[in-house]
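The values are calculated or read from the model by the stated rules, or taken from the named source; none is laboratory data. This one's a predicted model, so the numbers in the text were calculated from it and none came from an experiment. When we count neighbours, we look across all protein chains shown, and the Cβ atoms used for this are built from the backbone with ideal geometry, even at glycine. Each accessible area value is taken on the protein alone, full model and side chains, heavy atoms only, with ligands, DNA and RNA left out. Shrake-Rupley method; radii C 1.70, N 1.55, O 1.52, S 1.80 Å.
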Amino acid sequence: WTNNIGNGDPTEVILSQFENLIQTIRRNNPAIEIVISQILPRPVDFDQTWSKVSEVNRKIWENRAVWGVDYVIKTWRAFMQGGGPKLDLFNAKYKSGRKDLLHLSPKGNSILTKLVKQTISKFVGKGKRTEGGGKTVFISK
C-alpha cells in the first residue's frame, strides 16, 4: 500500500512505500513512464488528515526527480474549494444505500478520469523514456 493516511501511518512510511513501488516498477521496466496522482483530500476525516495529505503531496512533488517519476498530477486541487473538500465529489453511494465521505461520487470519478486522460494525452509518450517501447504506469491512491 502507498497511502495509509487514514490508518495513521507516518509520512515517512507512506513516502517510503511510494519510493519502493516506483523502484520496483523502474527495475522491471527502465523505459516506462511513471505518472503519480497526488493524494486527494478525505472529507470523512478532513480536519484530522489534511495536514498530512498536504505534507505527503508536497514531498511527492519534491522527490519526483529523485524517484524517477515523469509526471505528478496535482489532482487534489480539483477536489478542494474554500479551504475544504468539495463534498459533491465524494459521498459515493453503495448498493445498500449507505454513503460515505471517503470514496468518490460518479461526478468525482469523472473529474479524476478527465485529469488523468488530459495528462496522459498531453505529456505521456513525449519524454525520453518512450524510446524502446516504454509504457506508462499510473499510480493513484
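For VAL116 and VAL44, FRET efficiency with R0 = 25 Å and r from the beta-carbon atoms, rounded to 0.05?
Using R0 = 25 Å, I get an efficiency of 0.65.
Sorted from largest down, what three extents in whole angstroms do the Cα atoms of segment 1-75 have along their principal axes?
Dimensions of segment 1-75 along the principal axes of its Cα atoms: 40, 20, 17 Å.
At a Förster radius of 22 Å, what calculated FRET efficiency corresponds to the Cβ-Cβ distance of ARG27 and VAL66, to the nearest 0.05?
So the FRET efficiency works out to roughly 0.90.
Quick check for you: with a 1.4 Å probe and neighbouring chains kept, what is the accessible area per residue of segment 10-116, in Å²?
53 Å²
At most 14 other Cβ atoms within 10 Å and a DSSP loop assignment: could you name the chymotrypsin sites (Phe, Trp or Tyr not before Pro) in segment 63-116 that fit?
In loop regions of segment 63-116 (DSSP not H, G, I, E or B), the sparsely surrounded chymotrypsin sites (Phe, Trp or Tyr not before Pro) are TYR94.
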